[in-house]
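Worksheet: one structure, shown below.
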Amino acid sequence: MTFTFKHTKYACYLGYVTQATVNNLPPLLFSAFVRDLGIQAEMIGLLIAINFGTQILVDLFGAKYADKIGYKPLLAAAHLFSAAGMLAFSFLPFMLPPFAGLAGAIILTAVGGGLIEVLISPVIEAIPAEESKRAAEMSLLHSFYCWGHMAVVLLSTLYFVSAGAENWRFLPPLWAALPLFTCFLFLNVPVRNLNEKQDPGAGTGGKNAWAGRSMFRTSAFWILMGMMFFSAASEQGMSQWASFFAETGLKISKTAGDILGPCAFAFLMGLSRLLFAKRAGAGNLDITLFSAGLGCAASYLTASFAPHPLLALAGCAGCGFFSGVMWPGTFSKGAVIFPAGGTKMFGLFAFAGDIGCGAGPALLGYISGFMERSLAGAMGLAVFFPLALSASVAALVLRERHKLKKNASLTFRPRNLYYPEKG
């Protein structure tokens, strides 16, 4: 069989499904960790922080060494680590102190998830395509994270109903088959380095390279890093806690809570990314991102203050729809502003995003404990993240307009009739 770039896309899609499994299978087991392993609820936030903290370190490693080592071996390693971590959930917590065992399994999966986040977006960006379609391709790629999230919730719920929630330890090894197959696929499909699609020298020190120093000097780069942080915190703050919130906060059964909470969240997130992919280029990306922040803020407030559990769950799901375009939209915005950013730029964006992925849920858990375990109250305060995203978008637009105005005044400045040499 001859593998083409079409198969590379399929491998990338499955890679994002794997990352969705890494990030969203453990939250479905949080209540089991508390019930069966004696893990304190307050320690769950630490497990989330360990997951994304590990991914942050891997992001930095990938940003620095991915081009030197090569995409293929790192992508294969990413999926092998993911599979090993899923297998470890079934035995490590029972061989070691439970928290240490869970932390070990999460670190393994997080190494895989971090490498996937750094590498797959640039792989998609490097596949030959029309420039006008790149934002659509990026959003379509990220939609598979959502479909993976949905699959994790629905298939895991089916497992719990048929095998019993008490047999949760045998579920993660079943999911290990996915990264093993994806590893095989990546070893056989063509993978193009992102720098190969750029002009000679781009990303490697030539005149078009951002070369680190110049990137760090621009306010646009730091605004985009902030947008990645706020996007991730807005998304994962709800995603990581939706199942626990529905079961313990809203007193809804686990099956109904998982379907109406995290599953609806994932579905609407995927839907928003598909709509974004379909309309990419037809609308204003800045307006889309700004509106998404406001809508996500309204959803957080609904989840926090709604008088009825179903309305609160609607707020959880709405968060998925509005946060769906934030991450891929920011990636696309960065690719437009810094077209020669290369793998390092995507790695640094993933680094900022994973800080948000860890900080958002951990902060919600901390605030919940401070407020006497009121997760609903913590969600009301988490409205800061999406509002900060909207403010960052506004700051970026103002910067771009100021720059255009400044350039226009330099380019079209009238000639001084009295002193032509000063014109």
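Odds and ends about this structure:
- Considering only 262, 128, 361, the Gaussian network model of the chain with Cα springs below 10 Å gives its largest mean-square fluctuation to 128.
- Between the helical axis of 5-28 and the longest alpha-carbon principal axis of the chain there is an angle of about 50 degrees.
- For the peptides 314-325, 170-181, the ranking by packing is 314-325, 170-181, with the highest mean count of neighbouring Cβ atoms within 10 Å listed first.
- Ordering 58, 8, 31 by the projection of their Cα atoms onto the charge dipole of the range 1-86, which places +1 on the Cβ of Lys and Arg and -1 on the Cβ of Asp and Glu, puts 8 at the extreme positive end.
- Within-12-Å neighbourhood charge of residue 189 [Cβ basis; K, R +1; D, E -1]: +4
- Think of the chain as having a plus end and a minus end, set by charges on the Cβ of Lys, Arg, Asp and Glu; of 155, 250, 314, 314 sits farthest toward the positive end of this dipole.
- Taking max minus min of the alpha-carbon positions on each principal axis, the range 1-101 gives extents of 50, 31, 21 Å, largest first.
- Taking Cα atoms only, the orientation of helix 285-305 departs from the longest principal axis of the chain by about 30 degrees.
- Highest to lowest packing among 299-312, 81-94, scored as the average C-beta count within 10 Å: 81-94, 299-312
- Around the Cα centre of the chain, unit charges on the Cβ atoms of Lys, Arg, Asp and Glu (plus for the first two, minus for the last two) sum to a dipole of about 1440 debye.
- For the chain, the longest site-free run once GluC sites (Glu not before Pro) in DSSP loop states with at most 10 other Cβ atoms within 10 Å are removed: 131-371
- Size descriptor, Kirkwood hydrodynamic radius, that averages inverse alpha-carbon separations across the range 299-391, Å: 14.7 Å
- Apportionment of accessible area to carbon and sulfur, the chain, percent (1.4 Å): 68 percent
- Point-charge dipole on Cβ atoms (K/R +1, D/E -1) for the range 1-158, about Cα centre, debye to 20: 260 debye
- The C-alpha atoms of the chain define a longest principal axis, and helix 309-323 lies at about 30 degrees to it.
- For the set 2, 255, 157, solvent exposure ranked by accessible area (probe 1.4 Å, protein chains only) runs largest to smallest as 2, 255, 157.
- Per residue value of the accessible surface for the chain (all protein chains in place, 1.4 Å probe), Å²: 42 Å²
- 14 Å cut-off, amide nitrogen to a point 7 angstrom out along residue 286 Cα→Cβ, residues in the range 322-358: 333-334, 337
- Along the axis of the charge dipole computed for the chain (Cβ charges of +1 for Lys and Arg, -1 for Asp and Glu, origin at the Cα centre), the listed residues 97, 171, 182 are led at the positive end by 182.
The values are calculated or read from the model by the stated rules, or taken from the named source; none is laboratory data. This one's a predicted model, so the numbers in the text were calculated from it and none came from an experiment. With ideal geometry, Cβ positions are generated from the backbone for all residues, glycine too; neighbour counts draw on all protein chains shown. Ligands, DNA and RNA are stripped out before the accessible areas are found, and what is left, the full protein with its side chains, is counted by its heavy atoms. Shrake-Rupley method; radii C 1.70, N 1.55, O 1.52, S 1.80 Å.
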